[in-house]
1. Report whether or not B:Ala460 is among the hydrophobic types (A, V, I, L, M, F, W, C), modelled with pLDDT of 90 or more and within 30 Å of B:Gly25 (Cα to Cα).
2. Return yes when B:Ser415 is modelled with pLDDT of 90 or more, over 25 Å from A:Met283 (Cα atoms) and crowded, with 19+ Cβ neighbours inside 10 Å and no when it is not.
3. Exactly one condition in (1) surrounded by fewer than 15 Cβ atoms within 10 Å (Cβ to Cβ); (2) in a strand (DSSP E or B); (3) small (Gly, Ala, Ser) is false for B:Gly215; which is it?
4. Give me the pairs, please: first residue somewhere in the stretch A:273-294 and more than 7 Å from chain B (Cβ to nearest Cβ) and surrounded by fewer than 24 Cβ atoms within 10 Å (Cβ to Cβ), second residue anywhere and not hydrophobic (A, V, I, L, M, F, W, C) and not in a helix (DSSP H, G or I), beta-carbon distance under 9 Å, and either six or more positions apart or on two chains.
5. Within the stretch B:491-503, identify whether any single residue is at the interface with chain A (Cβ under 7 Å from one of its Cβ atoms) and among the aromatic types (Phe, Trp, Tyr), and answer yes or no.
6. So, restricting to helices (runs of 4 or more DSSP H) that lie completely within the stretch B:1-106, which ones have at least 3 residues that are under 30 Å from B:Glu146 (Cβ atoms)?
7. From A:Val205, A:Val178, A:Val219, grab the single residue that is within 14 Å of chain B (Cβ to nearest Cβ) and surrounded by fewer than 21 Cβ atoms within 10 Å (Cβ to Cβ).
8. When you go through B:Leu408, B:Leu349, B:Leu374 one by one, which is the residue that is within 31 Å of the chain's Cα centre (by Cα) and crowded, with 24+ Cβ neighbours inside 10 Å?
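The values are calculated or read from the model by the stated rules, or taken from the named source; none is laboratory data. This structure is a prediction, so every number in the text was calculated from the model and none was measured. As a convention, Cβ positions derive from the backbone with ideal geometry for all residues, glycine included, and neighbour counts pool all protein chains shown.
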Amino acid sequence: MELFKNTNFDFLGKKWPFIGLSLVLTAAGWISIATKGMRYGIDFKGGAEMKLRFAQEPPVQKIRSALENKLPGEISVQQISGKPEVLIETEIKDEKELNANRQLIDDTLRGMFDSSASGMIDVNNSSSTELAERLRGPLQQAGVPLSEQDLQDLCAAISAYRADHGGILSSADELAGVKGVTPKVIEVLKANTVLGPFTILSTDVVGPKIGAELRRQAVLATLYALGGMLVYIAFRFEWIYGVAAVVAVFHDTLITIGLFSLFNKPISLTVVAALLTLVGYSMNDTIVVFDRIRENLKMVRRESLENVINLSINQTLSRTVLTSGLTLLTALALWLFGGEVLNGFSFALVAGIIVGTYSSIFIASPILVFWQNFRGTGKPVVAAPPTRETASQRKAMRG
Amino acid sequence: MSSNTRIRLLIILAVILVCIYGIIGLPTSKAELVDNWKKNIRLGTDLRGGSSLVMEIQMQDAFKGEADTVIQRLRDELTKASIPFTDLSRNDPTFEAASKIQVNITGIPGTKAGDFRMIVNDNFGSVWIMTTVNETDYRLTLKPSEALRIRADTLTQCMNVIEKKINSYGLAESSVQQRGESQILVTLPGVDDPARIKQNLKTAAILELYEVQGGPFASREEAMQSKNGILPLSSQILPSAVRGGSPAEFYILARTPVVRGQDLRDAKPVQNSQSGGWETNFVLTQDAAKRFERFTGAHIRDRLAIVLDKKVLSAPTIEAKISDNGVITNLGGHDEAADLALNLRAGSLPASLEYLDERSVGPSLGADSIRQGLVSGVAGVIAVVTLMLIYYKRSGINATLALILNALILIAVLSYAEAVLTLPGIAGIILTIGMAVDSNVLIFERIREELRAGKAVVAAVEAGFGKAFLTIIDTHVTTIVSCCFLFLFGTGPVKGFAVTLVIGLFANVFTAVFVSRTIFNWELAGQKRAVTLSI
């Protein structure tokens, strides 16, 4: 099977509508950033973020008002769409609030749902060691013969069962099939533990200091990576190729960041990881095209640079589309099935791969032509590799 | 088959075997296989559940401590040499300006200037630099090299103390790592509510025993009044630890302790056989025990204050001569007694700690993440392989084999390098699958082009690999460069992503170029005169 067999599109002839589209996209994103602002994840702005899963539909409003009464500053309580999960975000202005803040959320939630008011341990929110600690005595009293190792294994098995079943047990009877759980053990569990209506999935507390540090590092890393690209491409090709490639990649980064603001998605550490990966990956298509331009420039000397570039893009079109398409497929798989945690990451990849592919054709290549036109109209010189320089110059004079 | 192809196949076979060994070892049963797999594929805290904490050492504490020691010693030396002075003080630098610590000396009479200089030079000249502020005032600042040494020492000491504390919990695979110049990263797998551990790590736990000179008093003022408003130089006032809502009381204590934190040899929680309450027993070093025995012998019926972190815990009366044993009573329960013992054993921190970042993941979210990672991985592989088979027919199988080997090498390298697999790391593996076939596509398209240009099959394959090679290197270098910056700047999970991606790309050069080529050679060698290639 073959797509794009012997195509002959005039890519450069149609560059303006596409450059226009790029400008519109970039402008839209940055206007959105200027007006709405950038949404940072807690990695960068600092704050506390707690994710809870409930057995039933979560009482979002109730949680919000309970927390607003106890905590200073901005608090956001949101239900994750389509799931009985709640994301609580609070801000932290000072490192000193770090501990208190988390503890306060914890206590408020526990108080609200009355899960451990009786002094009994909440199985849905305790680790296997805590469970073992609390069950040791009651199990002994109930006459369940267990060695210390058995007890640890039993509690580990209960925790593992809970982890595999969404983290929430609604009744101790559910545990009947778990290794080591006898009817007697269930009885002890029922008498000595409670099952709260929610479980804490994750907690992240980041001080503003680390946030600011990470923000600075993220920007620096991106700039260094772009600089690294520029140097490498300039070394392998010619400096104008490096500039063109870096401008194209920078354009991809800008548009992707803009999209995050447009869709109101928070920028987190993993998103920056995706952006940096894109800086490297978007380069790939550009290099494939540039490689071919260089090769063609050696062979067809009578053609104008514009024609050579068009020819090169057409020749490499099927591999450009295929390579990007295949990587896009895996990024899509991550986006669709990778879950909440990787959502921003995979969104950045999906958007970035699409924009990156298009920019290597419609942004990077036109820059080469612009440069040549700027240096002097009609001279089909620019680019051949250094070794070819003299030959092409000679030809330029003849032409 | 040519001997060249045979050698290539042997190399590939060897790589496969080494990889499989790295991942599952040499299992003799299914259970052992699963066991080895779990041991070799180390999951990060975001996948298996657990916490990671970043704390910053408040370096200024160490510098202030250093200055306080100088002030103490200088006061003694000046008194001994009968040099009068108005005041000895230090500034109070922030974290950022910790090494700008200064000791200010005022009111040294001009006639004693020479003696004063000599004393300072002899005692502190190797560490401090003295500048003259005016005729009577002087300032000591730290030598830059000494400031560096203090920072390094403080970091090492803090790491040691924290390691001891963490180890005493017996958590498997927990780790304490240095992060930057003044931060410590603690990873606690399996602990998703680190509140108690956090509190313990932060506790300075400096235990001191002092002679009681007066008290308890209801307030600091009252204590001062008992001494007619002038506190003797050899005394100090410390509050009692607040317990159960009763207000703090104040004691007048001797300034120098009888027993210091470093005099402790051991501490452990014990249950009082009579009251049933929990207590912490401590044992003194031989040296301190001698001192303590002498002191208690001379002070029978006097009171002794047990002071923890500058708070008086209790002030029992000395009933008899005590040598090397002591007990801290009146504790909240087993946990508190055990924690106190642990903190006493670990020793005190040279500087306080501030938490900057705390991340905990419960085991159920970790299990979800693994599941989602697997599903997206499988979906990605199926999509990529299907497309390759449709588009390149038989050669698609070639690419698929290379792809599988690529993933195998990647996982094996992670296992050999004892790297930790994080959720972004899994994303890195999945992304590698997508990027890995890119190289195959570049080569295959090149071969098609050569075939179209009329080259014979063998020559086309040769040219395809040859011409695509440099392009492949170029594309890989750019991604690896950006991953390096990602590694330098990223933290925990993100580093995991950068590592997997880079390993994947290196493995890819081997599989896409070497392995794929070998498979082609092998396939073509089978035909007498290679005329067709399913591509």
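1. Working: among the hydrophobic types (A, V, I, L, M, F, W, C): yes; modelled with pLDDT of 90 or more: yes; within 30 Å of B:Gly25 (Cα to Cα): no.
Considered against the rule, which asks whether it is among the hydrophobic types (A, V, I, L, M, F, W, C), modelled with pLDDT of 90 or more and within 30 Å of B:Gly25 (Cα to Cα), B:Ala460 comes out as no.
2. Taking the combined requirement at face value, the residue satisfies it.
3. (1)
4. A:Arg294/A:Glu238; A:Arg294/A:Pro385
5. yes
6. Working: elements: B:3-24, B:30-40, B:45-48, B:59-80.
Helices (runs of 4 or more DSSP H) meeting the threshold: B:59-80.
7. Numbers: A:Val205 fails: surrounded by fewer than 21 Cβ atoms within 10 Å (Cβ to Cβ); A:Val178 fails: within 14 Å of chain B (Cβ to nearest Cβ).
Exactly one residue qualifies, and that residue is A:Val219.
8. B:Leu349
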